[in-house]
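Participant: One structure, as C-alpha cells, below. Some questions next.
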Amino acid sequence: MTNLFRRTACLLLVGGVVGVTAVVAQEPSGGQTPPPDNTKVNQRDRDQAATTADQQSNEKTDREITQQVRKALINDKSLSSYAHNVKIVTQNGVVTVKGPVRSEEEKNAIEAKAAEVSGKDVKSELSVAPKN
C-alpha cells in the first residue's frame, strides 16, 4: 500500500508542477510583442535585378570564393553576429555581400575581406542597422 501511495503522491506532485509551468508559460510578460515584420527588407528582394542566394553560381571557383569569404568573416571575432551572417553570393568571380551590419566600420571590413579573397571589386548591398 505504501508504494501505491508514494506513486500517487509523486504523480500528483509532478502533475501539479507541470500544470503550474504551463499556466506561467502562457501568461504574457508585460505587453504584447508584435510579430517580426521584414516586409520592407523582403520587398527589395522582389526586384528582378536584386541579388539573392539562389543566384549563387555552382562553378567550383565561385563556390570556393564564397566559402573563403565566409570563413574570413567568421574568423574575425571583432565582427558582430550581423556581420557574420551577411549573404555572400559569387557569380563569375564577382562577390556580392548583402544584409545588415552594425557599423560603417563593419561594412568596410566585410567589403575589404571580400575584395581581398576575390581579387575583384565587390558589389556591396550592405546596410547599417540601427542599434536597439
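Derivation of every value follows stated rules applied to the coordinates shown; laboratory data play no part. On a predicted model such as this, the values are computed, not experimentally measured, just so you know. Note: ideal-geometry Cβ built from the backbone for every residue, glycine included; neighbour counts use all protein chains shown.
Participant: Measuring from label point to label point, each 7 Å out along Cα→Cβ, what is the N75 to D121 span in nm?
Facilitator: About 2.8 nm separates the two model spin labels.
Participant: I want the local charge near T96. Using Cβ-Cβ distances under 9 Å, sum +1 for each Lys or Arg and -1 for each Asp or Glu among the other residues.
Facilitator: Around T96, the surrounding residues sum to +2.
Participant: Could you compute how fast the stretch 55-132 diffuses translationally, taking Rh as the Kirkwood radius over C-alpha pairs and applying Stokes-Einstein at 10 °C with viscosity 1.306 mPa s? Give it in µm² per second.
Facilitator: 130
Participant: I want to make sure I understand the PRE zone here: with the label point 7 angstrom from the Cα of Y82 toward its beta carbon, which residues in the stretch 116-132 have backbone N atoms less than 15 Å away?
Facilitator: Counting only backbone N, you get 125-132.
Participant: Right, another one. Based on alpha-carbon centroids, what's the gap between the stretch 107-129 and the stretch 76-96 in Å, whole number please?
Facilitator: Computed from Cα coordinates, the inter-centre distance equals 7 Å.
Participant: Expressed in nm to one decimal, what extension gain is obtained for the pair T52 and N92 from 0.36 nm per residue of sequence separation less their Cα-Cα distance?
Facilitator: Computed gain between T52 and N92 is 12.9 nm.
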